[in-house]
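Just below is one structure, and these are the notes that go with it.
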Amino acid sequence: MPDPNDRRPRDMDRAYWDDVADTYEDEIFSVRDHDTAGLIEERVTRLADVNHTAADLGCGIGKFTPLLARNFGAVHACDLSEKLLARARRVCRGFANVDFRQTDLGAEPHPFEPVDFVLCVNVLIMASLDIRLRALRAVTAQVKHGGHLLLVVPSTESMLYTRFRMVDWSLRDGYDCETAVRENLPRAGSLRSLYQGVRAIEGVPTKHYLREELQVLLGDHQMEVLETRKLTYPWTTEFDDPPDWLGSPLPWDWLVLARRT
């Protein structure tokens, strides 16, 4: 019976992030390591300018921060957890152009002056609509007019597609339709949450987004969506031992490139 791994970060809880700082690689899914097509790096380098400033919002242990530091003149690296920032500082100790600061995007809308390029990877995942909208306003407000935002968020379509493959897997294993559906229903959450794109993973509600939802939300925040791409991952990011027949399409996050108008 398929059982998806918990590969998503948790809500904006400083104590939780401090607790996982020492075991971050074992507990938190790394978009940087699984972006084997290099979609994020290609867009960062394409928009790079040593005369411009950039921000890594929700930098974690600094997976993407050195990439920004190599391509922009000055970089703000922000995270909720001081312990994660301490690890990010060690990763970036060879770069003098990175400024680290502890920031709660849901409470501090303007931690620094707007920059030319903002990278925000799987940060806007809070279950609370109020906190999520405040964080979205903070993220988009940090982009200069004419500047760019590169956003990565979980996909609602991929979430539902993965559930379909789980049911399909059960049917192939000989389960009847009723049992296949029942055994693969989420173990937590409600229809109300699902309608908001919030799925409980290991008991932790995590926001997922529709492609069209992203277009509307970003448009409402003076952002023109230039590109929306699937950032695909292997099935091993969803299942412990996936069979070869799962094949394509693969599960994905949404990668969105937008410009501040």
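Tabulated data
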read-out: Gained length - Tyr161 relative to Ser248, 0.36 nm times residue gap less alpha-carbon distance; value: 30.2 nm
read-out: Normalised convex hull volume, the stretch 15-65, alpha-carbon set, Å³ per residue; value: 83 Å³
read-out: Mean separation of Cα contacts under 8 Å (6+ apart) over length of the stretch 57-104, as relative contact order %; value: 45 percent
read-out: Candidate lysines - alpha carbon under 28 Å from Lys144, same-chain residues fewer than 8 apart omitted; value: Lys63, Lys207, Lys230
read-out: Shape category assigned to the stretch 106-160 from the gyration tensor of Cα positions, a/c cut at 1.5; value: oblate
read-out: Positive-end extreme of charge dipole, the stretch 135-239 - chosen from Ser155, Pro205, Val167 (charges on Cβ); value: Pro205
read-out: Modelled FRET efficiency - R0 25 Å, Arg14 with Asp220, Cβ distances, 0.05 increments; value: 0.30
read-out: Rounded Å value of the spacing that divides the Cα centres of the stretch 148-174 and the stretch 33-92; value: 28 Å
read-out: Three-way shape call for the stretch 29-106 based on the alpha-carbon gyration tensor, with the a/c threshold at 1.5; value: oblate
read-out: The stretch 220-261 - charge dipole about Cα centre, Lys and Arg +1 at Cβ, Asp and Glu -1, debye rounded to 20; value: 360 debye
read-out: Tensor-based shape of the stretch 1-150 (alpha-carbon gyration tensor, a/c under 1.5 rounded, otherwise prolate or oblate); value: rounded
read-out: Two-site FRET efficiency, Arg89 against Arg182, from Cβ-Cβ distance with R₀ of 41 Å, rounded to 0.05; value: 0.25
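Values in this text are rule-based calculations from the coordinates and carry no lab data. Small disclaimer: the values here were computed from a predicted structure and weren't measured. We place every Cβ from the backbone using ideal geometry, glycine too, and count neighbours over all the protein chains shown.
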